[in-house]
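Colleague: Here you go, one structure.
The values are calculated or read from the model by the stated rules, or taken from the named source; none is laboratory data. On a predicted model such as this, the values are computed, not experimentally measured, just so you know. As a convention, Cβ positions derive from the backbone with ideal geometry for all residues, glycine included, and neighbour counts pool all protein chains shown.
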């Protein structure tokens with residue numbers, strides 16, 4: 001099966017801002033361009049799961065406007081990581097000591113003081129991953145962190161204990177990648 005991992009278009013925030021769980025809109029023209037390109041590639045009747053954050057829902061709605069044959073559902077497990085009190089701050093304004101606290105306990109540290117842990121993100125994305133049908137391709141309209149988690153899950157990695165295990169490459173906004181899954185995702 002093929003899993004399409006689609007990242008929302010660029011958001012309407014200053015570059016360099018942390019916006020994980022913030023519900024911010026995406027740039028409308030970039031959203032429409034992404035939807036147009038993707039609409040020409042997806043097979044008929046695909047199941048599309050989307051994060052409930054508006055930047056993903058905007059893309060899903062634009063896509064469905066072009067492709068009414070797509071079967072859309074919202075899945076809260078595909079929302080981006082909650083970065084706690086880092087949300088809305090510039091990445092370069094976050095103290096190095098805060099990053100160090102996270103990377104020291106990468107799996108279990110509540111990011112930004114009261115945000116999510118990587119372990120919690122992997123668990124919820126893993127639940128969605130387990131429900132993929134091995135006989136049907138699927139699309140997730142989601143976020144960079146969730147795409148990274150899905151890449152790890154596709155490799156059979158269910159837990160990440162160190163920061164150096166987390167994939168560095170990110171799917172650019174308004175772009176996608178596909179994973180060919182030839183195994184049972186719930187393994």
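Colleague: Would you check which residues across segment 107-152 are in a loop (DSSP other than H, G, I, E, B) and closer than 22 Å to residue 26 by Cα and list them? Break it down into steps so the answer makes sense when it comes.
Modeller: In the first step, residues of segment 107-152 are kept if they are in a loop (DSSP other than H, G, I, E, B); the result is 107-110, 114-117, 131-137, 143.
Residue satisfying the conditions is 143 alone.
Colleague: Can you tell me which residues in segment 76-102 are closer than 30 Å to residue 45 by Cα, buried (at least 17 other Cβ atoms within 10 Å of the Cβ) and out of contact with any helix residue (DSSP H, G or I) (no Cβ under 6 Å at 6 or more places or on another chain)?
Modeller: Kept after step one, since they are closer than 30 Å to residue 45 by Cα, are these residues of segment 76-102: 76-81.
Keeping just the survivors that are buried (at least 17 other Cβ atoms within 10 Å of the Cβ) gives 77-81.
Within segment 76-102, just 79 meets the criteria.
Colleague: Against the definition (out of contact with any helix residue (DSSP H, G or I) (no Cβ under 9 Å at 6 or more places or on another chain), crowded, with 18+ Cβ neighbours inside 10 Å and modelled with pLDDT of 95 or more), how does residue 62 come out, yes or no?
Modeller: Numbers: out of contact with any helix residue (DSSP H, G or I) (no Cβ under 9 Å at 6 or more places or on another chain): no; crowded, with 18+ Cβ neighbours inside 10 Å: yes; modelled with pLDDT of 95 or more: yes.
So residue 62 fails the test.
Colleague: Considering each of 175, 151 in turn, give the residue that is out of contact with any helix residue (DSSP H, G or I) (no Cβ under 8 Å at 6 or more places or on another chain), more than 18 Å from residue 21 (Cα to Cα) and either surrounded by 16 or more Cβ atoms within 10 Å (Cβ to Cβ) or in contact (Cβ under 8 Å) with a residue 12 or more places away in the chain (or both).
Modeller: Numbers: 175 fails: out of contact with any helix residue (DSSP H, G or I) (no Cβ under 8 Å at 6 or more places or on another chain).
Result: 151 is the single residue among 175, 151 that is out of contact with any helix residue (DSSP H, G or I) (no Cβ under 8 Å at 6 or more places or on another chain), more than 18 Å from residue 21 (Cα to Cα) and either surrounded by 16 or more Cβ atoms within 10 Å (Cβ to Cβ) or in contact (Cβ under 8 Å) with a residue 12 or more places away in the chain (or both).
Colleague: Select from segment 158-187 the residues that are more than 30 Å from residue 31 (Cα to Cα) and either in a loop (DSSP other than H, G, I, E, B) or modelled with pLDDT under 90 (or both) and list them in ascending order. Write out each step before concluding.
Modeller: To start, the set of residues in segment 158-187 that are more than 30 Å from residue 31 (Cα to Cα) comprises 158-165, 182-184, 186-187.
Within segment 158-187, 158, 159, 160, 161, 162, 182, 183, 184, 186, 187 meet the criteria.
Colleague: Within segment 20-31, is there a residue that is over 21 Å from residue 148 (Cβ atoms), out of contact with any strand residue (DSSP E or B) (no Cβ under 7 Å at 6 or more places or on another chain) and exposed (fewer than 13 other Cβ atoms within 10 Å of the Cβ)?
Modeller: So far as segment 20-31 goes, yes, one or more of its residues are over 21 Å from residue 148 (Cβ atoms), out of contact with any strand residue (DSSP E or B) (no Cβ under 7 Å at 6 or more places or on another chain) and exposed (fewer than 13 other Cβ atoms within 10 Å of the Cβ).
Colleague: Here's another thing I want to ask about it. Condition test on residue 68, is it assigned to a loop (DSSP other than H, G, I, E, B), at pLDDT below 95 and more than 14 Å from the chain's Cα centre (by Cα)?
Modeller: Values: assigned to a loop (DSSP other than H, G, I, E, B): yes; at pLDDT below 95: no; more than 14 Å from the chain's Cα centre (by Cα): yes.
Spelling it out, it is not the case that residue 68 is assigned to a loop (DSSP other than H, G, I, E, B), at pLDDT below 95 and more than 14 Å from the chain's Cα centre (by Cα).
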